[in-house]
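I have placed the structure first, in the form of structure tokens, so that the comments after it can refer back to it.
Values in this text are rule-based calculations from the coordinates and carry no lab data. In this text the structure is predicted, and so the values were computed from the model without any measurement. Backbone-built Cβ (ideal geometry, glycine too); neighbour counts: all protein chains shown.
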Amino acid sequence: MVDQVYAALGISAQAVVGQASEIVPEWAGLLGAIGIIGMSVRPIWGSIRKRFKAAGPLKEIVPDNQKDLAGSLPVISECCQACDCSSDSKR
């Protein structure tokens, strides 16, 4: 669309860009470049830190057959909790 407007008005886009660099003083272009770099430092530094961030201490993986059982399993009795009638001794 912009190309059609330029063509209708007889304007060359390359000539317009070339003239813009002649209009803007060198110190203003340098100041603008420094400003853009200043605004970019924090986001770029954050993405670099995130990419190379240490994963932290590695957690040791213990197989199931080596885990200690903290307590004994509860006794499930048919008559009462104090009774051991559910054991394999078949008294």
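Summary of values
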| quantity | calculated |
| --- | --- |
| Total residues in segment 1-14, condition small (Gly, Ala, Ser) and surrounded by 10 or more Cβ atoms within 10 Å (Cβ to Cβ) | 3 |
| Matching residues in segment 15-60 - criterion: being surrounded by 10 or more Cβ atoms within 10 Å (Cβ to Cβ) and in a loop (DSSP other than H, G, I, E, B) | Val24 |
